[in-house]
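First comes the structure, then the notes that go with it.
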Amino acid sequence: MDTLPLTAASLARFFHIKGSEVERYYKHHLSDFPTWKQKGHAADWVLLAENIGERSSIDETSLCNEVYTILSNKDGHGRKGSIIAMVKGTKAAVVSAILRQIPLAEREKVTEITLDFSDSMFSIAKECFPKATIVIDCFHIVKRLCEGLEEMRLRFKRLAVTENKKAAAAFAKEEDRKARIRANYRRTHPKNPKENRGRKRIRRRKYKPQMLSNGETKVEMLTRSRNMLAQSGDKWGESKKERAAILFDLYPQMKQGYTLICKVRSIFREKMTPEQARIKLHEWYKEVSNCTLREIKSARDCIKAKEEYVLNYFINRSTNAAAESLNSKIKGFRAQIHGIADIPFFLYRVCTIFG
């Protein structure tokens, strides 16, 4: 339990013992938790300055119904020695005050720090690590562009839903009109008891939305396009390719936005110097300027504002994937120990395994 994210419940199932007793014994007797120096403030912050290294990542994650900022050492590779600090909240002033407890000489050892587009994370990195090269993660850049495309998809979906409702209302109105005509005809043309009319009585029909060539309605097609638009086209299967062809035919703006995102992806996939990347990125800016997609233009402005730190990716091609992986491991561990209400003990376990 000191080296692997094992829970008392998992040990109990394996050894056929009472999990709650194992947990209690471990917490109060087998572990160092009762004498842990950071126990008093663990719920607010934990600092493991000895784990600081040259390459770091900073990210935020949700733990124990709170948001924590986690500074990690990439050289830990998601194992022992990965966590440098965990601070509750994302306020730059609060997190920076904790990180400044690490001596300046140690903080100056950090030569590179990766992060996302968060302004608070940027302020923390700038203030606490003065000699570090700040790198904005390329995956978050593409993610920000995909968020713009997602806004477009939702806008078109709302229009499609409104269009569908109007068509259903018009269809119901037409059916009412036909029903009144048939009722009036029956009143003015009473049936002769001796006459045998051959056809069945006409009933009201239910509205059926127009189906596209792939068997989906327009609203269904837009709904199911969400994950597809976040992926690269080379990862699409046959059904996604068919759906994409219909989507881009009906909504050329979506095709234009997706094409612009693919061009950014191709820039980050190529091996080039920061100056070469700057030239390609400025060419892309011009293409975005010529379009009328306000969502993509908004994402472009975010990239433009921090272009220097975006281009730092091309120095060592560093990403924030290590931080994302560590956050996933910690979250998975938390999911296993849902029975533990003691947050300091949970954070002690996290620091024991990853700290």
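The values are calculated or read from the model by the stated rules, or taken from the named source; none is laboratory data. Since the model is a prediction, treat every value here as computed from it, not as a measurement. With ideal geometry, Cβ positions are generated from the backbone for all residues, glycine too; neighbour counts draw on all protein chains shown.
For every residue, the table says whether it meets (1) under 21 Å from the mean Cα position of the chain (by Cα); (2) among the aromatic types (Phe, Trp, Tyr).
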position	(1), (2)
GLY237	no, no
ARG243	no, no
ASP249	no, no
ILE261	yes, no
ILE279	no, no
HIS282	no, no
ARG294	no, no
GLU307	no, no
TYR313	yes, yes
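How about the stretch 266-299: which of its residues are outside any helix (DSSP H, G or I) and of a type outside the set (A, V, I, L, M, F, W, C)? Walk me through it before giving the result.
Taking the stretch 266-299 first, the residues outside any helix (DSSP H, G or I) are 270-273, 290-293.
Those that are outside any helix (DSSP H, G or I) and of a type outside the set (A, V, I, L, M, F, W, C): GLU270, LYS271, THR273, ASN290, THR292.
Quick check on my filter: what residues within the stretch 200-244 are within 28 Å of SER289 (Cβ to Cβ) and part of a helix (DSSP H, G or I)?
Within the stretch 200-244, LEU222, ARG226, MET228, LEU229, GLY233, ASP234, ALA244 qualify.
Go through SER62, SER96, SER57, SER82 for me and flag whichever is under 14 Å from GLU324 (Cβ atoms), modelled with pLDDT of 90 or more and of a type in the set (Gly, Ala, Ser). Talk me through it step by step, then tell me what you get.
Values: SER62 fails: modelled with pLDDT of 90 or more; SER96 fails: under 14 Å from GLU324 (Cβ atoms); SER82 fails: modelled with pLDDT of 90 or more.
It is SER57.
What number of residues within the stretch 53-74 satisfy the criterion of being outside any loop (DSSP other than H, G, I, E, B) and farther than 17 Å from PHE129 by Cα? Don't jump to the end; show me each part of the working.
Pass one, the stretch 53-74, residues outside any loop (DSSP other than H, G, I, E, B): 55-63, 66-74.
Cutting the leftovers down to farther than 17 Å from PHE129 by Cα gives us 60-63, 66-68.
Going through the stretch 53-74 one residue at a time, the tally reaches 7.
Using beta carbons and a limit of 6 Å, which pairs, at least six apart or on different chains, have the first residue in the stretch 209-223 and closer than 15 Å to ALA168 by Cβ and the second one hydroxyl-bearing (Ser, Thr, Tyr) and assigned to a loop (DSSP other than H, G, I, E, B)?
Filtered contacts from the stretch 209-223: PRO209/THR217.
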